[in-house]
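S.K.: Handing you this structure, nothing more for now.
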Amino acid sequence: QSILPVSAAELANRSVFLSSSFASEVVTNVFNFTTEGPSTIGSISFLYCTNSPIHEDPCTAPTGLNVSAFTINSQLGLNGFAVSGATTANQIVITRAPALAASTSATYSFGSITNPSTVNEIVYIRISVFDGINATGTMVDRGSVVFVVDDRYDLSAYVPPYLTFCV
């Protein structure tokens, strides 16, 4: 009997869109990805880290980030998810009754997320799809996305008053 290594499939077409990338702002995060399927899916985890996109590495939480009060604004593709009690300050977890799903393009919009407070910080989000509820069981798909917390640009201009006469 031989032992074969087991690993999760790679999520395809991954992306994240933030309504604002400014430090400490309350924002909406929109995630897009395609699952490998067919597989049983019961929960999805979005883990925010500053040190690495690699799932096996320890995670350093971004300073000032808070996703614990997030809301699900919309879900397309794989749906029927609710906010999980396994959510923490740097990890969104959505859960549902486990169900078999084919390869599916999914979009999730989450609101009430407070961006990290450190300017110019790189944030990796490790997305993990599990066959059990509350980010438990076997990880069936995974992938990472990244964003940068921007510095605010303050633009101002002064246009002196003037009159133009034409004859």
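The values are calculated or read from the model by the stated rules, or taken from the named source; none is laboratory data. Every value quoted in this text rests on a predicted model; they were computed, and no experiment measured them. FYI the Cβ positions are ideal-geometry reconstructions off the backbone, even for glycines, and counts take in every protein chain you see. Areas reflect the complete protein model, heavy atoms only, side chains present, ligands, DNA and RNA absent. Shrake-Rupley method; radii C 1.70, N 1.55, O 1.52, S 1.80 Å.
S.K.: Label-point separation (nm) for Ser68 and Ser24, each offset 7 Å from Cα along Cα-to-Cβ?
M.R.: The answer from the label model is 1.9 nm.
S.K.: Given the protein chains as shown and a 1.4 Å probe, how many square angstrom of Asp151 are accessible, to the nearest 10?
M.R.: 80 Å²
S.K.: Let me ask you something else. Note down the net charge around Ser144, summing +1 for each Lys or Arg and -1 for each Asp or Glu among other residues with Cβ under 9 Å from its Cβ.
M.R.: Overall, the nearby charge balance is +3.
S.K.: Further, regarding this structure: Leaving out ligands, DNA and RNA, and with a 1.4 Å probe, what % of the accessible surface on segment 1-109 is carbon or sulfur?
M.R.: Using a 1.4 Å probe with all protein chains present, segment 1-109 comes out at 55 percent carbon and sulfur.
S.K.: Please calculate the 1.4 Å probe accessible area of Glu56, with all protein chains present, and give it to the nearest 10 Å².
M.R.: Accessible surface of Glu56 is approximately 120 Å².
S.K.: Another one. Let me have the relative contact order for the chain, percent, based on Cα pairs under 8 Å that are six or more residues apart.
M.R.: For the chain, the relative contact order is 32 percent.
S.K.: Translational D (Stokes-Einstein, µm²/s) of segment 1-72 at 25 °C and 0.890 mPa s when Rh comes from the Kirkwood sum over C-alpha pairs?
M.R.: It diffuses with D of about 161 µm²/s by this estimate.
S.K.: With the other protein chains left in place, how much accessible area per residue, in square angstrom, belongs to the chain at a 1.4 angstrom probe?
M.R.: Using a 1.4 Å probe on heavy atoms only, each residue of the chain averages 55 Å².
S.K.: Separate question: Step by step: find N for the chain, compute 2.2 N^0.38 Å, then divide the Cα radius of gyration by it. What's the final number?
M.R.: 1.32
S.K.: Rank these by accessible area, largest first, 1.4 Å probe: Cys59, Cys49.
M.R.: Solvent-accessible surface, decreasing: Cys59, Cys49.
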